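In what follows, a single structure is set out as structure tokens and then discussed.
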């Protein structure tokens, strides 16, 4: 990424405007000023600096407020790269001074592009599809947050007014039958008033197999508490509205998942990713957004370190020795790998690897992290070769995932 460039532009992007610092190959400043967040201002800057040589423009945010500079730089025919925020902060500590200003940050970005090209991440091309995908995945993340918030609110209200009922309904809160029961009957008073026959009719329409058992569990919980807690009347009014809100949010997530799946179908790597056990539409979309085609990571170890799954060695003489879980890394990517590892426990090979780690004395989460790290090796190879997942024969001693 470093060869052939004569100008290195560091852009500390902002909502209203950006600060740009441009350095030549010798480190001399060619530009150091703010510029508006407009196409005209960005084009003027690139045209001015283009006289000094081939341009590499580096941003600290390739999406959201950094999307326009990336698009304009590409439209002008310039190469674009991304310097992760954590790397930038660590590099800033190596520069004189302790001030935190846009100008200093822009200089750090430009200097990293000039002297430390290995710290940069490529902003993948073909990003038309990825940009669309990022918007939808971001919206789905927002919906997921709302689902959690509303679900917690419902469980909190039930815990406040009727803890036994919450223990029955809480774990199944997102099930259509439970949401329909709360929506139509409300809380404990409304459920008791509906009666067994009516409640069975409501529940079994959406849960034919577990409907009768669920109704029995509900009335057993209702019989366990006879006292009426203050606030129950208001909760009976609020709970149906919250249930309707949660049901609508879940419906929207399903619709977004269908749209994301349609977008993924157009990406050549989508079928490669989803062929791996435990990787569904949402996880594949997140991996594509964070990793791209994987070419920015020379080895699976680099990818694991970026995701925060590679253990960190701590050693000092003979007094401090050992490896510890990393605290950094890309949080969203780490979560995607962790959740996909959990989902992959239904796969025999993945389950065998997990069980082996548990037999070694590791706890559940630690064993899942080991499995996620092992799966990074497999996924990196899949991205490199662009070949779908191929499980190894059961008689091979080393498991694929």
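Quick look at the values:
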| quantity | calculated |
| --- | --- |
| Qualifying strands (runs of 3 or more DSSP E) (wholly inside region 1-104; at least 3 residues being within 24 Å of residue 295 (Cβ to Cβ)) | 7-12, 55-59, 79-82 |
| One residue from 144, 106, 110, 181 being under 28 Å from residue 252 (Cβ atoms) and surrounded by 20 or more Cβ atoms within 10 Å (Cβ to Cβ) | 181 |
| Residue that is at pLDDT below 85 and over 19 Å from the mean Cα position of the chain (by Cα), where the choices are 319, 275, 296 | 319 |
| Single condition residue 337 does not satisfy, out of (1) modelled with pLDDT under 90; (2) part of a helix (DSSP H, G or I) | (1) |
| Counted residues, region 232-274 - those being in a helix (DSSP H, G or I) and farther than 30 Å from residue 190 by Cβ | 15 |
| Flag if residue 277 is surrounded by fewer than 17 Cβ atoms within 10 Å (Cβ to Cβ) and assigned to a loop (DSSP other than H, G, I, E, B) | no |
| Residue 293, sole failed condition from (1) surrounded by fewer than 20 Cβ atoms within 10 Å (Cβ to Cβ); (2) farther than 21 Å from residue 337 by Cβ | (2) |
| Evaluation of residue 203 against (1) surrounded by 13 or more Cβ atoms within 10 Å (Cβ to Cβ); (2) free of Cβ contacts under 8 Å to residues at least 60 places away in the same chain; (3) more than 36 Å from the chain's Cα centre (by Cα) (one fails), failing number | (3) |
| Residue 345 vs. criteria at pLDDT 90 or above and either under 20 Å from residue 273 (Cα atoms) or outside the structural domain of residue 88 (by TED's automatic domain parsing) (or both) | yes |
| Residue satisfying all of: in region 147-176; without any contact (Cβ under 8 Å) to a residue 40 or more places away in the chain and closer than 22 Å to residue 201 by Cα; surrounded by the fewest Cβ atoms within 10 Å (Cβ to Cβ) among these | 171 |
| Residue check, residue 130 surrounded by 15 or more Cβ atoms within 10 Å (Cβ to Cβ), in contact with a strand residue (DSSP E or B) (Cβ under 9 Å, 6 or more places away or on another chain) and either on the phi < 0 side of the Ramachandran plot or outside any loop (DSSP other than H, G, I, E, B) (or both) | no |
| Residue 140 vs. criteria in contact with a strand residue (DSSP E or B) (Cβ under 7 Å, 6 or more places away or on another chain) and either at pLDDT below 95 or more than 30 Å from residue 22 (Cα to Cα) (or both) | no |
| Some residue of region 375-385 being in a loop (DSSP other than H, G, I, E, B), over 22 Å from the mean Cα position of the chain (by Cα) and free of Cβ contacts under 8 Å to residues at least 40 places away in the same chain | no |
| Residue that is nearest to residue 380 (Cα to Cα), among those in region 297-312 that are buried (at least 19 other Cβ atoms within 10 Å of the Cβ) and either touching a helix residue (DSSP H, G or I) at 6+ places or on another chain (Cβ under 6 Å) or touching a residue at least 60 places away in the same chain (Cβ under 8 Å) (or both) | 300 |
| Flag if residue 239 is modelled with pLDDT of 95 or more and either surrounded by 19 or more Cβ atoms within 10 Å (Cβ to Cβ) or more than 30 Å from residue 61 (Cβ to Cβ) (or both) | yes |
| Meets criteria (touching a helix residue (DSSP H, G or I) at 6+ places or on another chain (Cβ under 7 Å), at pLDDT below 90, closer than 27 Å to residue 298 by Cβ and not in a strand (DSSP E or B)) for residue 118 | no |
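The values are calculated or read from the model by the stated rules, or taken from the named source; none is laboratory data. Just so it is clear, the structure is predicted and the values come from calculations on it, not from any experiment. Neighbour counts are summed over all protein chains in view; Cβ atoms, including those assigned to glycine, are modelled from backbone coordinates with ideal geometry.
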